[in-house]
Amino acid sequence: MNKKKIPGKEILRGILLLLLCLVVCFPFFMMISTSLKSYTEIKSPVFHLLPEKIRLENYVELFKSGRWGRYFWNSFSITAISTAVAVLINSMAGYAFARLQFKGRDVLFGAALLGMIVPAQVTMLPAYVIMKYIPFAGGNNFFGMGGSGLLNTTQGLILIYLSGAFGVFLFRQFMLNFPDSLDDAARIDGLSRFGTYVRIYMPLSKPAIATMVVLRATATWNDYIWPLLMTQKDKFYTVQLALSRFRNEAGNEWQYTMAATAVIILPIIILFLFLQKYFIEGIATTGLKD
């Protein structure tokens, strides 16, 4: 039997990819290793790559040291609600810009895209002022005075994360690839525009939905700046804000900090692993023919 020789370039490429993988994974390995060490071992002048004794108690003691259950619930609820609503709003807008014909469509889409070129730092102060002085919220009167508005509220953080034009652009570009015959078939079957959006375009837009979910959920879950600006009370902290303030009188105990970091990144890793197959799923897999 003839054995197929592997080209030298393929071997070199495999070695380089393996080295790159090790470089990328090493910080995660050190995070897990440190989270399982004792405080004495971490402060020891002798470095240990692996813990001498695995201390799973660090994770138990971590959740006993603060209101981490509350922090995780805050982050989970804010991320889940804002991501779901953002997908709904952006997909509807993308469908309208891609499949509906109305006067000023391209002009409105261009205006929406202007938001993508404006840095988030530019809009922070105006967004904060709007949240603080919004009328009839947090004790404010009709003129937005007298109270705290939507500061220190879950609703305030959720509203902040609903803005952005990237999702509109993503869904529009994805839905432009569908043939016009799909709309004709929907009209023949008696579907309205909204029915076509719900029953045809949304089921066929799983790759775009998955991409939007992963990107928006990751950005919301990992965000630090907006929770820092919007919340001053401990019960409204998100996990990122709680992690940055996870200190005690003796200083930073790295075994607990690394344990908290490992638990915080776990939901995003699970989400990515669950949805990653949709990133490579294209329009060809839907079985559409023009």
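No lab work stands behind these numbers, since they all come straight from the coordinates. Since this is a predicted model, take the numbers as computed values, not measurements. As a convention, Cβ positions derive from the backbone with ideal geometry for all residues, glycine included, and neighbour counts pool all protein chains shown.
General remarks:
- Set 64/233; 132/235; 37/64; 37/233; 132/233; 64/235 screened for pairs whose C-alpha atoms are more than 22 Å apart: 37/233
- For the range 31-120, the alpha carbon convex hull comes to 187 Å³ per residue, rounded to a whole number.
- Here the spin labels are modelled as points 7 Å beyond Cα on the Cα-Cβ line, and at residue 11 and residue 143 they lie 8.1 nm apart.
- Protection proxy ranking, highest mean first, for peptides 78-84, 237-243, 187-193: 237-243, 78-84, 187-193, where packing is the per-residue count of other beta-carbon atoms within 10 Å, averaged.
- Judged by the mean number of other Cβ atoms found within 10 Å, the most tightly packed of the peptides 169-180, 138-149, 17-28, 88-99 leads the ranking 88-99, 169-180, 138-149, 17-28.
- Stokes-Einstein D for the range 95-189, Kirkwood Rh over Cα pairs, 10 °C, 1.306 mPa s (µm²/s): 98
- Gain on full stretching of the segment that runs from residue 184 to residue 224 - 0.36 nm per residue minus C-alpha separation: 9.7 nm
- Extended-chain gain in nm, criterion 0.36 nm per residue less alpha-carbon gap, residue 129 and residue 206: 24.1 nm
- Dividing the summed helix terms, -39500 (n - 2.57) for each DSSP H run of n ≥ 4, by the number of residues in the chain produces a 222 nm estimate of -19000 deg cm²/dmol to the nearest 500.
- GluC sites (Glu not before Pro) within the range 1-85, DSSP loop, no more than 16 other Cβ atoms inside 10 Å: 52
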